[in-house]
1. Since residue 434 meets every condition but one in (1) at pLDDT 95 or above; (2) farther than 24 Å from residue 333 by Cα, which condition does it not meet?
2. Report yes if residue 258 is touching a residue at least 60 places away in the same chain (Cβ under 8 Å), hydroxyl-bearing (Ser, Thr, Tyr) and out of contact with any Pro (no Cβ under 9 Å at 6 or more places or on another chain), otherwise no.
3. Do we find a residue being in a helix (DSSP H, G or I) and more than 23 Å from the chain's Cα centre (by Cα) anywhere in the stretch 249-272?
4. For the stretch 323-339, give me the residue count where each residue is of a type in the set (Asp, Glu) and under 17 Å from residue 362 (Cβ atoms).
5. List pairs: first in the stretch 354-375 and in the same structural domain as residue 406 (by TED's automatic domain parsing) and touching a residue at least 24 places away in the same chain (Cβ under 8 Å), second assigned to a loop (DSSP other than H, G, I, E, B) and acidic (Asp, Glu), Cβ under 8 Å, 6+ apart or cross-chain?
6. If I filter the stretch 123-143 for residues that are of a type in the set (A, V, I, L, M), under 26 Å from residue 220 (Cβ atoms) and in contact with a helix residue (DSSP H, G or I) (Cβ under 7 Å, 6 or more places away or on another chain), do I get at least one hit?
7. Answer yes if at least one residue in the stretch 117-136 is of a type in the set (A, V, I, L, M), assigned to a helix (DSSP H, G or I) and surrounded by 12 or more Cβ atoms within 10 Å (Cβ to Cβ), and no otherwise.
8. Of the conditions (1) crowded, with 18+ Cβ neighbours inside 10 Å; (2) farther than 30 Å from residue 89 by Cβ; (3) at pLDDT below 95, residue 243 clears all except one; give me its number.
Amino acid sequence: MFKEAEKTHLQSHQQMKSWTEVQASPVKRAGHQILDCMWVYTYKLDKHHRLIKCKARLVVRGDQQRNITSQDTYAATLAGRSFRMLMAIAAKYDLELKQYDVTNAFVHAAIDREIYMRMPKGYQKPGTLLKVRKALYGLRISPLLWQKEFTATLASIGFQQIPQEPCCMIKDGVIIFFYVDDIIVAYHSKQESEAMKAINRIQEKYACTGGDNLQWFLGVEVMRNRKQKTIQLSQAAYADKISQLASRQDIRHDTPMSGMELRPRSDLAEPSEINRYQRKIGSLLFAAVTTRPDIAFATSRLARFLVNPSTEHQDAADRVLLYLKKTESLALELGRGDGLEVASDASFADNTLDRKSSQGYAIKLFGGLIAWRASKQDTVTTSTTEAELLALSQVAKEAIFTSRLLKELQVNLSNPIITIKCDNTQTIRLVNEDVAKLQTKLRHVDIHNHWLRQEVTRKTIKVEYVPSDNMIADGFTKSLPANKWASFLDQLGLVKRKESPLKEAELEKLQEHLEGLYM
C-alpha cells in the first residue's frame, strides 16, 4: 500500500512540475551541493484498528543545506494572541468564519535559488539528479517562500497586510488570516460578495479543501453560540492526550499547584528524567499560552527546572497534567462584554533564591481574555512599588500594541484611552504624577516610571485602582488557595464547554493533528 502511496505522491509532483531531471556530471563539476531526500510514511486506522489509509510524502533533507541564515528561513506564524483577538471580534460582530486548507501548499511556491537533490529511493536513474523548482517539504526556505507566495496572491486582489500581524490581511471588511496552509476567512454577512470573490481567487490558484464553518484551528476546538454572541475555545482532546505523560495517575487536586516553593535539585538528573520532564512542560506550555491561562503561573514556575528536574518537580508537573485532565471540560469563552480591559500585578521578591519578583498581566477584549502572562522579572527590585512599575510598563506596551492592531483591523473602541487596573496605590500616584517622582537608584526602574508618565500625559493610557480581591492578574503572580480558585476561573472566563459539534470525520482530523504534535 505504501508503494502505491509513493506513486500517487510522485504523480502530484509531476503535475506541479516540482523538479526537472538533469545530468549529474555538470552539477558535480560546478561544485553544487546535492541534497538527499527521504520518504515519510503515515497511516490511518479505523476504530477497529484496521488499516484504511496509507500516505507517503517525499521530504528533502533540508538539514544538509549550507550557508542558510535566519533571514532565509524565518516565516511568521499567526500569534495566539492575534487568533484569540480575531475570535473575540468575530463573536462581538457576528462574523462568518470559513475555513480552507491548501493541499501541498509549499509546492505552489517557486524556488528562488539553485537546489539539486538525489532521486528518491526506488526511483533512481543512473547519472541523473533532480533540479528543484518548487518549495519542497523539508527545505528550510520553504515556509518563507510559501508565505511570500500566498501574501502576494492576496495583495494582487487588493488585500493589505496588517503591519503588526504578517499572517493577517484585510480588504473592505473581509479579514483573511492563516497559519501556514490553514486559512480562515472572516466577514460580515453584508460583505459576503467580497468574501466570495477572494475565496474564488484563492481556489482558482490553489487546490483547496474545506469551506465549512470554523470548528477547530491548530488543535483548538472552536464552538460558538451566535444567539449569545460568544465563542468558546477548548483543548479538551489535547488535555486528555497529554495527561498520559504523567508518571503518576493518582494525583487529584482542584488547583494546579500548591503554595510550597520548589527548590533546585542538588544532584544531577538522568538524561531520561530530563527528557521526560521537558516533554511534560513543553506540552503544558502549549495549553498554558493557548486556552488555559489558569495553569500559566504553575507552568512558568515549573519551566525553571528544565535542565535538572527532581522527583519533586516531576510530581508537580504530574499534578498540573492531571489537573488539566480533571478540568478538560473548561473552555475559554470570548464575548459577553465591551471594550478593552487591562490589569497588571506583581509579587515582590517572592523568589527566595534570587529575590526577583513575579509579575503577570491580563488583557480582555469584549469581555474575553485574549492575552496573559505569568513570568519572573529580569532584575531585582528594592520595593513593591518598583516591582509594580515594571509589571505595569510591560502590560502598557502590550496593551498599546493591541490597540494599534485593533485599529488596523478597523475595530474602533468607544474609549481610545487604555485603562489599566492596578492594586498598588503608591504606583498609581507615581504614574499619575500626584506626587514627586520615584526616589530610586535603579536607573531602569526610573526609565519605566518616566515612560509610563509620558503615556499618561499623552492620554494613551490611564491607571486606575482595583481592590486586590478583584485583581484578575493576581493568579498570574502566585499560587492561589482552593477557596479563591473558583473566583479566579470566573475572572478568566473559563466556563464548562458546551457539547462538541464535531462530526466523527472532523474528530479524526483533529486526532491526526494532535498526533502530529508529537512526531
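The values are calculated or read from the model by the stated rules, or taken from the named source; none is laboratory data. Owing to the predicted nature of the structure, the values given are computational and were not obtained by experimental measurement. Heads up, the Cβs are rebuilt from the backbone with ideal geometry, glycines too, and the neighbour counts pull from every protein chain shown.
1. (1)
2. Numbers: touching a residue at least 60 places away in the same chain (Cβ under 8 Å): yes; hydroxyl-bearing (Ser, Thr, Tyr): yes; out of contact with any Pro (no Cβ under 9 Å at 6 or more places or on another chain): yes.
In short, yes.
3. Taking the stretch 249-272 first, the residues in a helix (DSSP H, G or I) are 271-272.
Still in the list and also more than 23 Å from the chain's Cα centre (by Cα): 271-272.
Within the stretch 249-272, one or more residues are in a helix (DSSP H, G or I) and more than 23 Å from the chain's Cα centre (by Cα).
4. Quick first cut of the stretch 323-339, residues of a type in the set (Asp, Glu) only: 328, 333, 338.
Applying the additional criterion that residues be under 17 Å from residue 362 (Cβ atoms) yields 333, 338.
Of the residues in the stretch 323-339, 2 are of a type in the set (Asp, Glu) and under 17 Å from residue 362 (Cβ atoms).
5. From the stretch 354-375, the pairs are 356/378; 357/350; 358/350; 366/338; 367/338.
6. The first filter runs over the stretch 123-143 and keeps only residues of a type in the set (A, V, I, L, M), leaving 129-130, 132, 135-136, 139, 141.
So of that shortlist, the ones also under 26 Å from residue 220 (Cβ atoms) come out as none.
For the stretch 123-143, residues of a type in the set (A, V, I, L, M), under 26 Å from residue 220 (Cβ atoms) and in contact with a helix residue (DSSP H, G or I) (Cβ under 7 Å, 6 or more places away or on another chain): absent.
7. The first filter runs over the stretch 117-136 and keeps only residues of a type in the set (A, V, I, L, M), leaving 117, 119, 129-130, 132, 135-136.
From the residues that got through so far, the ones that are assigned to a helix (DSSP H, G or I) too are none.
Looking through the stretch 117-136, none of the residues is of a type in the set (A, V, I, L, M), assigned to a helix (DSSP H, G or I) and surrounded by 12 or more Cβ atoms within 10 Å (Cβ to Cβ).
8. (3)
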